[in-house]
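A.B. asks: So that we are looking at the same thing, I have put the structure below in structure tokens.
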Amino acid sequence: MDFTFTEEQQAATEAARAVFSGVAPDGVPSPALVPGAVSEDIDRPLWAGLAAGDLLSLTLSPQHGGAGLDLVALCLVLRESARVLARVPLLETCAVAMALQRYGDRGLAAELLPRVGRGELVLTVGANGRSGHDPAELAVTARRVVPAANDPSDEGSGKAPTDAADDTAGWVLDGVQSGVPWAQAADWIAVPAHTGEGRAVVALIRPTHDGVTLAEQVSTSGELFAEVRLDSTRIDNRALMDAAGAWDWLRALLTTGTCALALGLGEAVLAMTSDYTGKREQFGFPVATFQSVAVQAADRYIDLRAMEVTLWQAAWRISTGADGALPAEGDIAVAKIWASDGVRRVVQTAQHLHGGFGADTDYPLHRFHAWAKQIELSLGPAAAHEEALGDLLAAHLLG
């Protein structure tokens with residue numbers, strides 16, 4: 001195995017570190033001290049900095065003003081963003097942009113993607129469905145609007161039938177997506193839906209679209225999310241990605257990117273714990289020298305290394321489309337198992353080793369704990385991913 005990153009990927013990491021170096025995790029009120037959201041908007045100065053550093057266009061093709069890098073490079077940047085709890089929809093914007101570039105209407109992609117790379121547009125996605133427990137695409141229905149020229153009453157009238165795929169046609173969306181990150185700050189929201197034939201599609205809507213209603217929700221980390229309700233919301237054909245695999249691919253990007261966030265957050269928390277236990281003394285010695293403390297920290301280090309290797313395996317499979325004994329969904333499931341359980345164990349151990357100091361709202365650890373819980377909830381329980389992995393193993397006998 002060769003885990004060496006390319007020069008371009010390493011350059012992206014260095015650029016990200018430079019942009020995030022000035023970000024303070026406690027730059028907004030603590031979620032433990034405010035009754036609602038910690039802020040009404042994303043970190044706009046940081047968003048502008050990401051655009052200036054060409055990090056929002058990292059995975060866009062050169063024709064759209066990007067660097068043409070892959071998911072591995074994006075995960076490297078996401079890892080750095082999580083170390084400082086960056087309050088920006090970097091994952092959501094880049095994932096939707098990558099899906100639009102790959103599966104979307106070429107004209108719409110040419111119109112939107114350069115602006116995304118320049119930081120002029122914010123994209124997000126509803127991936128939680130109605131409750132977070134059912135597949136997101138089942139929460140919204142997409143019904144094709146039949147053009148008037150195709151009305152059965154026109155039979156025999158001599159009128160030419162209109163092609164249902166014509167841009168004069170369109171789609172009507174109905175349903176709810178809950179827990180949509182920073183929807184109020186977004187210019188476009190990607191909404192998974194299902195058609196009458198059961199196909200999964202992805203629609204792009206504006207929050208100001210007729211028939212779109214946003215109800216405020218607050219995440220576990222204190223960020224402003226939204227329930228997006230669609231009531232006979234009509235879009236034209238070019239705003240809908242109906243190619244086979246579009247939603248599956250976008251969902252894979254989001255999941256793998258979330259695993260990268262878990263890794264970066266966990267590494268930052270372990271570093272905080274190492275620093276604290278190296279300075280905190282008991283009986284005249286740093287507590288880090290006590291065997292029970294060292295063993296717990298070592299176990300969490302092993303968790304992080306497992307989270308890292310499974311993340312890069314999943315990101316590599318998605319980026320390259322390489323064959324394997326199992327489909328890429330198997331690698332994604334393994335990454336989710338380690339990320340979901342791992343990030344929880346890391347922050348729990350950190351709280352334990354910090355003692356009461358870890359709950360002090362003047363110290364940033366409690367913020368990392370809240371963000372870790374949000375990531376864990378977003379990924380879902382490890383047991384569910386283990387079940388999915390078992391189904392894949394049953395369907396693809398190894399050896």
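A.B. asks: Can you bin every Cα-Cα distance in region 191-293 into 10 Å intervals starting at zero and give me the percent of pairs per bin, rounded to whole numbers?
C.D. replies: Cα pair-distance distribution for region 191-293, in percent: 12, 24, 25, 15, 10, 10, 4, 0.
A.B. asks: Another question, if that's okay. Estimate the FRET efficiency between residue 115 and residue 17 by the formula 1/(1 + (r/R0)^6), using the beta-carbon distance for r and 25 Å for R0, to the nearest 0.05.
C.D. replies: Using R0 = 25 Å, I get an efficiency of 0.45.
A.B. asks: Using only Cα atoms and rounding to the nearest 10 degrees, what angle (0 to 90) does helix 365-379 make with the longest principal axis of the chain?
C.D. replies: The angle comes out near 40 degrees.
A.B. asks: Report in % the part of the accessible area of the chain that belongs to carbon and sulfur, leaving out ligands and nucleic acids; probe 1.4 Å.
C.D. replies: That share works out to 53 percent.
A.B. asks: If packing is taken as the average count of other Cβ atoms within 10 Å, what order do 221-230, 41-50, 245-254 fall into, highest mean first?
C.D. replies: Top to bottom by mean Cβ count within 10 Å: 221-230, 245-254, 41-50.
A.B. asks: I've got another one for you. Give me, ordered by chain and number, the residues 5 or more places off residue 203 or on other chains with an amide H under 5 Å from its own placed amide H.
C.D. replies: It is 191, 193, 241, by chain and number.
A.B. asks: In a shell of Cβ-Cβ distance under 11 Å around residue 122, excluding residue 122 itself, what net charge do Lys and Arg (+1) and Asp and Glu (-1) give?
C.D. replies: Around residue 122, the surrounding residues sum to -2.
A.B. asks: Rounded to the nearest whole Å², what accessible area per residue is found for region 30-107 with the 1.4 Å probe?
C.D. replies: 35 Å²
A.B. asks: When you count, for each residue, the other Cβ atoms within 10 Å and take the mean per peptide, how do 108-116, 288-296, 326-334, 259-267 rank with the highest first?
C.D. replies: For the peptides 108-116, 288-296, 326-334, 259-267, the packing ranking is 259-267, 326-334, 108-116, 288-296.
A.B. asks: Work out how much length residue 243 to residue 357 would gain on full extension: take 0.36 nm times their residue separation and subtract the Cα-Cα distance, in nm to one decimal.
C.D. replies: Going from the current span to full extension adds 35.9 nm.
A.B. asks: Determine the equivalent ellipsoid of region 241-399 by diagonalising the alpha-carbon gyration tensor, then write out the semi-axes as square roots of 5 times the eigenvalues, largest first, rounded to whole Å.
C.D. replies: Here the semi-axes work out to 35, 16, 12 Å.
A.B. asks: Still on this structure, please answer the following. Any idea of the accessible area per residue across region 320-399, 1.4 Å probe, to the nearest Å²?
C.D. replies: On a per-residue basis, region 320-399 sits at 48 Å².
A.B. asks: Now for a separate question. Return one number: the angle in degrees, 0 to 90 and rounded to the nearest 10, between the long axis of the Cα atoms of helix 291-320 and the longest principal axis of the Cα atoms of the chain.
C.D. replies: Approximately 20 degrees, to the nearest 10.
A.B. asks: Cβ neighbours within 10 Å, averaged per peptide: list 281-287, 314-320 in order, most packed at the top.
C.D. replies: For the peptides 281-287, 314-320, the packing ranking is 314-320, 281-287.
A.B. asks: Ok, one more. At a Förster distance of 22 Å, what's the computed FRET efficiency of residue 199 paired with residue 396, Cβ-Cβ distance as r, to 0.05?
C.D. replies: The calculated FRET efficiency here is 0.35.
A.B. asks: Note the angle between two axes, namely the Cα long axis of helix 106-117 and the longest principal axis of the Cα atoms of the chain, as a number of degrees from 0 to 90, rounded to the nearest 10.
C.D. replies: So the helix axis and the longest Cα principal axis differ by about 30 degrees.
A.B. asks: If I model region 238-303 as equal point scatterers sitting on the Cα atoms and use the Debye formula, what is log10 I(q)/I(0) at q = 0.12, 0.20, 0.25 Å⁻¹?
C.D. replies: Ignoring solvent entirely, the Cα scatterers give -0.51, -0.83, -1.02.
A.B. asks: What FRET efficiency comes out for residue 298 versus residue 40 if R0 is 45 angstrom and r is the Cβ-Cβ distance? Round to the nearest 0.05.
C.D. replies: 0.60
A.B. asks: Given the Cα atoms of the chain, and with Rh set as the inverse mean 1/r over their pairs in the Kirkwood sense, what is Rg to Rh to two decimals?
C.D. replies: We get a ratio of 1.01 for the chain.
A.B. asks: Another question, if that's okay. Scan around residue 121 for amide H atoms under 5 Å from its own, H built in the peptide plane at 1.01 Å from N, and keep only partners 5 or more places away or cross-chain.
C.D. replies: Hits under the 5 Å cutoff: 116.
A.B. asks: Multiply the residue gap between residue 320 and residue 24 by 0.36 nm, knock off their C-alpha separation, and tell me the result in nm, one decimal place.
C.D. replies: That pair, residue 320 and residue 24, stretches by 103.0 nm at full extension.
The values are calculated or read from the model by the stated rules, or taken from the named source; none is laboratory data. What you see is a predicted model, and the numbers here were worked out from it, not measured in a lab. Glycine also receives a Cβ, built like all others from the backbone with ideal geometry; neighbour counts cover every protein chain displayed. These accessible areas exclude ligands, DNA and RNA; they are computed on the full protein's heavy atoms, side chains included. Shrake-Rupley method; radii C 1.70, N 1.55, O 1.52, S 1.80 Å.
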